[in-house]
Amino acid sequence: MPKDIKHIKIFILTFALILFTFSINAQEVRVIDNKGTIQTVNNNTVTTSTTVPTNPLENDVWFDTTNSQIKIYDTVDGWKLITSTLASQNIYTSDGALTANRKLTGINNFGLTFENLTYFQLFSNNSIQVFSDNTIQMNAINNMQISSTGIGSTIQLSSASTIQLSAPSNIMLQSPTEFNNTLLDVNNSAGTSGQILTSTSTGVEWVNNQQNTVTKTSNSSTSTPATYSFPVGYTPIENDFFIYELTSGEHSTIYIYNNGAWEQIAPTKASRIFYPPSIAIDASTTGSGRTINLYTQYTAQFNSPAIGSTSAPATIPTYNADELYYYVTDYDTSILTINSIDDSGLMTYSVDNIPTDDNTIINVVFVVK
């Protein structure tokens, strides 16, 4: 019996020591393994929450998701914030070097945004690749420059769907540009073979390649575009011509399609020939070696006309002297002998006989060179 009491006392004393140890370091528990050896087991708790854990033990860990902080429990100071020099050294605070490939993967449709940066630079000794399963969009408030400085180097932008370049003003291509695929217009059309790209009020559009046509007729009953029967399907375009050919030796009537209407223009030959103002030659006395400048007679009257219409300019446009050919088509040979006309319009003549009214008339024609 006393021996049993002694065993009970030893058991009570051992149990008391275990309780005492547990009270001093509550996060540790001593247990007896299957060999009868006393072992120490930690049972700290790691809590992730926005609120302070209840009934914490020494060295419990709390991930405070409200402030994104890691804290550890101290029975003296309570919850203490864990700080680390290594933790504060990251891409925001210090430079570093990659020692292997790294990958940043977004899940649950999360994105990566860089805001309010003074500049953003990407350098590579090999290549920089940007891929998207949907859309790649690059916008710049001021300037955006994509360049390659290496000899024979290329810049390649590729996407499985769409690449969009936009600017408030213009996008300029300052070098020869090669298109290895279709070019879409404002209607999202690539056009058909033989079509040309033309400018519209909203962009560019593929249209049929229409050549200007020249329509001729010698039928007096269809001498104008309004009376002529054009081929079925014909629609005039800018600078189309319609010519009514008259009999030989007469000038044709020419029309040009301008700004949506047919306009008659003067034939080329007819527009080069004109008659200067009348010139009176004093023949009151006979004599030789006399001169008169046909060009200055013409400019004197055109530069100061006697009168003009209400809205007409003060002067009439004139040609330079070297832009004209000068001719005398007829004159009274019984009165005058015209010896020559030089390239500036100076005519040399003689008065052989005096006419009845002391004047004689010559017929002068100017031709534009």
- line: With criteria (1) buried (at least 16 other Cβ atoms within 10 Å of the Cβ); (2) touching a strand residue (DSSP E or B) at 6+ places or on another chain (Cβ under 7 Å); (3) closer than 30 Å to D352 by Cα, Q297 comes up short on (2)
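Having 1 or more residues that are under 30 Å from L346 (Cβ atoms) is the bar; report the strands (runs of 3 or more DSSP E) wholly within segment 207-313 that clear it.
In segment 207-313, the matching strands (runs of 3 or more DSSP E) lie at 280-282, 287-293.
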- prompt: Looking only at segment 351-369, which residues are within 14 Å of I279 (Cα to Cα), of a type outside the set (F, W, Y) and within 60 Å of the chain's Cα centre (by Cα)?
  reply: V364, V365
- prompt: Since R272 meets every condition but one in (1) closer than 30 Å to E238 by Cα; (2) at pLDDT 90 or above, which condition does it not meet?
  reply: (2)
field: Evaluation of I196 against (1) open to solvent by less than 80 Å² (accessible area, probe 1.4 Å); (2) farther than 24 Å from N258 by Cβ (one fails), failing number
entry: (2)
field: Residue match in segment 165-184 (condition: hydrophobic (A, V, I, L, M, F, W, C), open to solvent by 60 Å² or more (accessible area, probe 1.4 Å), touching a strand residue (DSSP E or B) at 6+ places or on another chain (Cβ under 8 Å) and not in a loop (DSSP other than H, G, I, E, B))
entry: yes
task: Check whether at least one residue in segment 252-275 is in contact (Cβ under 8 Å) with a residue 12 or more places away in the chain, farther than 30 Å from P225 by Cβ and not aromatic (F, W, Y), and report yes or no.
output: no
field: Condition check for N188: open to solvent by 50 Å² or more (accessible area, probe 1.4 Å) and in contact (Cβ under 8 Å) with a residue 24 or more places away in the chain
entry: no
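Find the residue count for segment 324-350, including only residues that are among the hydroxyl-bearing types (S, T, Y), under 16 Å from Y275 (Cα atoms) and either open to solvent by less than 40 Å² (accessible area, probe 1.4 Å) or in contact (Cβ under 8 Å) with a residue 40 or more places away in the chain (or both).
Selection size over segment 324-350: 3.
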message: Let me spell it out: the conditions are (1) at pLDDT below 85; (2) farther than 28 Å from P317 by Cα; (3) exposed (fewer than 11 other Cβ atoms within 10 Å of the Cβ), and V232 meets all of them except one. Which number is the exception?
response: (1)
message: Of everything in segment 203-219, what is open to solvent by 60 Å² or more (accessible area, probe 1.4 Å) and in contact (Cβ under 8 Å) with a residue 24 or more places away in the chain? Give them in sequence order.
response: Q210, N212, V214, K216, S218
query: Of the residues that make up segment 302-310, is at least one open to solvent by less than 40 Å² (accessible area, probe 1.4 Å), under 60 Å from the mean Cα position of the chain (by Cα) and β-branched (V, I, T)?
result: no
statement: All conditions in (1) assigned to a loop (DSSP other than H, G, I, E, B); (2) modelled with pLDDT under 70 are true of A87 except (1)
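The values are calculated or read from the model by the stated rules, or taken from the named source; none is laboratory data. All values reported here derive from a predicted model rather than from experimental measurement. Every residue, glycine among them, receives a Cβ derived from its backbone with ideal geometry; neighbour counts consider all protein chains shown. The area values use the complete protein model at the heavy-atom level, side chains included, leaving out ligands, DNA and RNA. Shrake-Rupley method; radii C 1.70, N 1.55, O 1.52, S 1.80 Å.
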